[in-house]
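Participant: If you scroll down you'll find the structure; I have some questions about it.
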Amino acid sequence: MTELRDHKGQSEQLCPTRMMASGRVCGRPIHSSPEHDEQPVCLMHSKDPTKDSAEFRAEFDRMLEETERSGLPTDFARFVFPVSDFRNRKFETLCDFREAIFTRDALFNWSTFSSFSSFRDAKFMQRADFSSARFMKEVNFRGTAFPEGALFHRATFSRHIDFNAARFSGEVEFEHAVFSENATFLWSKFAKGALFENSVFSKKVEFTYAEFLGPVKFKNTEFRHDPELAPGLDFSKVSLQQPELVEFGNVDLGQALFYETDISRVDFTLVRWRDRGRSDGPFARRFWQVIGIAGRPAGRFCLFEEVVNLQRSAGEVNSDLWAPKDTPDERNFGLIAETYQQLKRNYDARGDYWTAGHFHFGEMEMKRLHSSWRLRPLRWLNRNFSLVALYKYASSYGESYVRPLAWLAVVLVFFSLLNPMLGFYPSTGLVLNAPGLPCNQVCSLNYWNYATFFSANPSERPAGWFGMLLHSFMTSVSVAGFQKEFRYMPSYPWGRLLALLELLLTTTLGGLFALAIRRQFKRS
């Protein structure tokens, strides 16, 4: 206990509470309230509910005026506020409210905090109202408790705001709030509703490890949208007790992270996801141009987890996206695939199979990109020529019915083209299969004898170069159509081998076409 001796030599007890900003003890006279204070403290630190509010406010105003003249920090640490009506108040100097207790409604409406402010580990016993408040510098609400909820409606945060480990036992509203710099809500707990509708997050907002027990609304919320590969919304590792009450409506999630958060039942309405862009190789791009569909949409939706910058900087919260130590991958493709699976289930359950297809494509892409090979050439071969890669080229993982049809046409033409470097059947030979007609000793038709063949078999029409091409094409179609009786049979052995190859390709492409049709047009 701090003591001060008067002119008669008698000791006077002073408040022993240590202040935060200066580190010195309070030193104010003791306010006697043994039934409420475990140890004797001053009026400003006493928990006495009957203490003089006017005297408290007078001392508060005196401190503010004194520090504003001197430019020193204003230390309200561990104060117990019996009244807290600071509407339209300007706080010009650094204000330290750490571990303060506000026993009544704390009204900071339209207040302005011109310097750094700290409410760290404070407790607002009743409603905390910061509506339209302006925070010009950093503000710290870390560990602060809001048992009866908080209002930050139309509040403006010009610098970084820290709500880490804050506890919102009542509803909290950030509607129309503006966050010009980073905002962090790591490890925060929202026991009831949390409203972020129409708010603006110009930089990064983090909810990693946050816990939401009730409804959450991000409707018409503006998140970061710029060319940088830095996250705007970090909603990773978030615990959602009622995910069906979490709503993202009419928002851009092109720079959002959701890994290790169960979003399989979250409501995504009118959401704009990141565009994957064209991922075709140069040959594929040229092919789509040749067949006339180069003007199709740029690409499919993708998650920001695929492209976010993973520099291993200090304090980086995205470390789980780094590749596991036992794999040579660039990032954790398995973890990203799990998020794709959840989104696919989400949209499938809602009957939006078209959007679900985008996330099915992303899931398969993660499977294709993952490789256990450590040598770069082998990794390249695995990614571009594995069965998964061929599945992508043939039908976009079952999401395109145009691709298998296009490839089917290519196969049919490929086996019947006139060019001797490409056309298989005329190169190996076609044997006339007409038991009732004599073939006059010239029964095989190929690139080099088609004139002699049609001269020796005048009944075969049409004749000449065009006839050879037509007969070759019809043979190719017959093989693809499982016909048993061919007018022209592929010659043995190479022609028959090519026929088996064509049959394998066409049946595979036909199956992929059927699968894609089912995925595109299925109904619940």
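Laboratory data are not the source of any read-out in this text; all were calculated from the coordinates shown. Bear in mind that the values here come from a model prediction, so they are computed numbers and not experimental data. Quick reminder, even Gly has a Cβ in these numbers, built from the backbone with ideal geometry, and neighbours come from all protein chains shown.
Participant: Set the Förster radius R0 to 60 Å, insert the Cβ-Cβ distance between His36 and Gln520 as r into 1/(1 + (r/R0)^6), and round the FRET efficiency to 0.05.
Facilitator: According to the calculation, E is roughly 0.25.
Participant: Can you tell me the relative contact order of the range 155-240? Whole percent, Cα pairs under 8 Å, sequence separation 6 or more.
Facilitator: Relative contact order here is 26 percent.
Participant: Compute the FRET efficiency between Arg159 and Asn384 as 1/(1 + (r/R0)^6), taking r as their Cβ-Cβ distance and R0 = 56 Å, and round to the nearest 0.05.
Facilitator: According to the calculation, E is roughly 0.75.
Participant: Set the bar at 30 Å for Cα to Cα. Now go through Lys47/Lys189; Lys219/Lys392; Lys217/Lys367; Lys137/Lys219; Lys51/Lys123 and name every pair that lies beyond it.
Facilitator: Lys219/Lys392; Lys217/Lys367
Participant: Where a ≥ b ≥ c are the square roots of the eigenvalues of the C-alpha gyration tensor, would you call the range 8-65 rounded, which needs a/c under 1.5, or, failing that, prolate if a/b is larger than b/c, or oblate?
Facilitator: rounded
Participant: Asp352 versus Ala230, label points 7 Å from Cα toward the beta carbon: distance in nm?
Facilitator: In this crude spin-label approximation the distance works out to 2.9 nm.
Participant: At 25 °C and a viscosity of 0.890 mPa s, what translational diffusion coefficient does Stokes-Einstein give for the range 71-207, taking Rh as the Kirkwood radius over Cα pairs? Give it in µm²/s as a whole number.
Facilitator: 170
Participant: Here's a follow-up. Could you calculate the FRET efficiency of Gln126 with Trp322 from 1/(1 + (r/R0)^6), where r is the beta carbon distance between them and R0 is 35 Å, rounded to 0.05?
Facilitator: Rounded to the nearest 0.05, the efficiency is 0.20.
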